[in-house]
Protein chains: 2
Amino acid sequence: MAVYTEVADDELRDFVAAYDIGEIAAIKGIAEGVENSNFLLQALPSGAAAPMSYILTLYEKRVRPGDLPFFIGLMEHLAAAGISCPTPVRARDGVALRQLAGKPAAIVTFLSGMWPRRVQPRQCAALGAALAGLHLAGRDFAMHRANDLSVDGWRHLAEATAGRADEVEPGLGRFVVSELAALAERWPADLPAGVIHADLFPDNVFFLGDRLSGLIDFYFACNDLFAYDVAICLNAWCFEPDDSFNVTKARQLLSGYRQVRDFTPAEVAALPVLARGAALRFLLTRLYDWLNHPEGAFVRPKNPLEYVRKLRFHRSAGNPAAYGLDWAA
Amino acid sequence: MAVYTEVADDELRDFVAAYDIGEIAAIKGIAEGVENSNFLLQALPSGAAAPMSYILTLYEKRVRPGDLPFFIGLMEHLAAAGISCPTPVRARDGVALRQLAGKPAAIVTFLSGMWPRRVQPRQCAALGAALAGLHLAGRDFAMHRANDLSVDGWRHLAEATAGRADEVEPGLGRFVVSELAALAERWPADLPAGVIHADLFPDNVFFLGDRLSGLIDFYFACNDLFAYDVAICLNAWCFEPDDSFNVTKARQLLSGYRQVRDFTPAEVAALPVLARGAALRFLLTRLYDWLNHPEGAFVRPKNPLEYVRKLRFHRSAGNPAAYGLDWAA
């Protein structure tokens, strides 16, 4: 669940009154997302017959306030460039990022669609194309945010979990140390880079039937390698519930991407190591959350071992052909 | 939070296709209600410009399937009688109560409004009037459901918690036993009765400004004393966060009720004992949940001791004047 903050009626009414969206018609806490408090807000513009839907987000402690202008600015930039994503709504004074119940807060537009609980291969093709479109649209975004969950960040997480990793699986601590060393040595630097989503899991991608209707949750977005974003999606979209790799989904994802933005040969060559690194990134954050979630917390932590198995696949994959890419070794 | 069941895309599409409400435009798990899984469902009727909102409920294990026809039938009956409450939507075959993901499921209409996080006295007046309206509208409802959370039900809960009640507060077990005995002896039988809501807490009552816009969550509704329903509301609406009793709110609630349906003298006289019983009912269900909630459960149990304090107020209240009622002792 993701409603950490209760908002009092009068506070909420005052907050919404700063916007030109009408009167509150309804508000419901939404059980999606784990970092922030999200509410479906319906507002009735004066004289309108039907209310409009919005998402009201209160930014909780895992989001650094200093990063919020980047996230809000990015969504505005992408929406202006024609990407279907939540668009921050500015209040009458022109300001989109405000305060509610003592927390930073913003209202964004509501996107139609539903995220796929069971991913279909053709949805991977649409995802690939949308991801490439996102990369192209972000190229002229002026702000910059470093990826704090790349190699240096993994090192911090590895140190923070080293003492207790073996509680999850014997040998896991040593496995993380050796993977980290191998990846730090091989991590590519000179690949095409720009703004990446960095967390484009199925629950952040909406579809209406087979049509991709929007991308959400830009709160891990940062500047990094485009192909690393693709590698995250390979991990998030192309494994079956039994952790077997579905090369048909991977082929769809990659060819969908290439129809909008083609890979350079260096990106293709780097894909296995990037996918391995992406697996380590989610392994480490899940391991950290697994070891550090408070007793009785609302959010059930996700099992880090899923990403050990994914990582092993990428390590054994060897070359880009394993992902369905045409590749002359 | 209250999304216990994940529904696969194709299953959901097939489910919605049985209705005449159009294509799914969006679905979001809702973080309200604790007994069932609730989703906000938006559907776009063919040719319409804007989607319509509904609530999709999957009935989880705490609701007995055999009780569902009563709840669904009651909402239909009340809506037809002009009460603003969720109205079950029948599928094309005329059936409102269906199956989804192996669970009983229904789609009901979406009500505008927001529940009061900070109750205002004038909202208590509107609540009282709505409760009386509900009691009158339910009088010609043909179905019957016994209240399994009246005196006999309390006895079962008291027995089930007796061994561990003192873990919550020393002496609590003995307190429950003596209260149960006192209330069983004094519990009134011959008061006006009919369909009651039995759980009309603030989060089940929606307002648009000061106007009460609807009542929700009829899944404790049953046949019992009307004045007992009033007594539940006195507990749920008229205490401040520090558990002090706000007689202004009580007076508003009771006079709002009487403007629609007046109390008999016997109901007035019984109010203190009914309020004391209502406090014991919530004390016992909270105590049971407190002692029996699974480790790491999504729902944080509510503190039973709040109702010990409320019960003590009612026991000391002595006569109906304590609730702001004119009363010649």
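The values are calculated or read from the model by the stated rules, or taken from the named source; none is laboratory data. Computed from a prediction, not measured in an experiment: that's the story for all the values here. As a convention, Cβ positions derive from the backbone with ideal geometry for all residues, glycine included, and neighbour counts pool all protein chains shown.
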(request) Could you please let me know if A:Ser178 is within 14 Å of chain B (Cβ to nearest Cβ) and surrounded by fewer than 20 Cβ atoms within 10 Å (Cβ to Cβ)? (result) no
(request) Name every residue in region A:124-134 that is farther than 8 Å from A:Tyr257 by Cα and in contact with a His (Cβ under 9 Å, 6 or more places away or on another chain), in order of residue number. (result) A:Leu134
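Residues checked against (1) touching an Asp or Glu at 6+ places or on another chain (Cβ under 7 Å); (2) on the phi > 0 side of the Ramachandran plot; (3) among the acidic types (Asp, Glu):
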{"site": "B:Asn36", "(1), (2), (3)": "yes, no, no"}
{"site": "B:Ser84", "(1), (2), (3)": "no, no, no"}
{"site": "B:Asp93", "(1), (2), (3)": "no, no, yes"}
{"site": "B:Trp115", "(1), (2), (3)": "yes, no, no"}
{"site": "B:Ala132", "(1), (2), (3)": "no, no, no"}
{"site": "B:Met143", "(1), (2), (3)": "no, no, no"}
(request) Take region B:145-172 and flag every residue that is closer than 18 Å to B:Asp199 by Cβ and in a loop (DSSP other than H, G, I, E, B). (result) B:Arg145, B:Asn147, B:Asp148, B:Leu149, B:Ser150
(request) Quick one: in region A:93-119, of everything that is crowded, with 16+ Cβ neighbours inside 10 Å and small (Gly, Ala, Ser), which residue is farthest from the other protein chains (Cβ to nearest Cβ)? (result) A:Ala96
(request) Determine whether A:Arg139 is out of contact with any Asp or Glu (no Cβ under 8 Å at 6 or more places or on another chain), assigned to a helix (DSSP H, G or I), touching a residue at least 40 places away in the same chain (Cβ under 8 Å) and surrounded by fewer than 19 Cβ atoms within 10 Å (Cβ to Cβ). (result) yes
(message) Where the second residue is in a loop (DSSP other than H, G, I, E, B) and of a type in the set (Gly, Ala, Ser) and the first is more than 8 Å from chain A (Cβ to nearest Cβ) and lies in region B:18-32, which pairs have Cβ atoms under 7 Å and are six or more apart or on separate chains?
(response) B:Ala18/B:Ala91; B:Tyr19/B:Ala91; B:Gly22/B:Ser46; B:Gly22/B:Ala48
(request) Of all residues in region B:202-213, count the ones that are in contact with a helix residue (DSSP H, G or I) (Cβ under 9 Å, 6 or more places away or on another chain), in contact (Cβ under 8 Å) with a residue 12 or more places away in the chain and not in a helix (DSSP H, G or I). (result) 5
(request) Evaluate region A:30-44: report whether one residue or more is acidic (Asp, Glu) and surrounded by fewer than 18 Cβ atoms within 10 Å (Cβ to Cβ). (result) no
(request) Go through A:Arg90, A:Arg64, A:Arg122 for me and flag whichever is of a type in the set (Lys, Arg) and within 14 Å of chain B (Cβ to nearest Cβ). (result) A:Arg122
(request) Go through region B:259-285 residue by residue and tally those that are surrounded by fewer than 20 Cβ atoms within 10 Å (Cβ to Cβ) and either among the small types (Gly, Ala, Ser) or within 13 Å of B:Val308 (Cβ to Cβ) (or both). (result) 2
(request) Scan region B:147-193 for residues that are touching a residue at least 40 places away in the same chain (Cβ under 8 Å), under 17 Å from B:Leu274 (Cα atoms) and acidic (Asp, Glu) and jot them down. (result) B:Asp148, B:Glu179, B:Asp190
(message) Could you check region B:70-92 and list, in sequence order, the residues that are assigned to a helix (DSSP H, G or I), under 15 Å from B:Pro104 (Cβ atoms) and either over 17 Å from the mean Cα position of the chain (by Cα) or free of Cβ contacts under 8 Å to residues at least 12 places away in the same chain (or both)?
(response) none
(message) Go through region A:305-316 and report how many residues are among the small types (Gly, Ala, Ser) and either modelled with pLDDT of 95 or more or surrounded by 20 or more Cβ atoms within 10 Å (Cβ to Cβ) (or both).
(response) 0
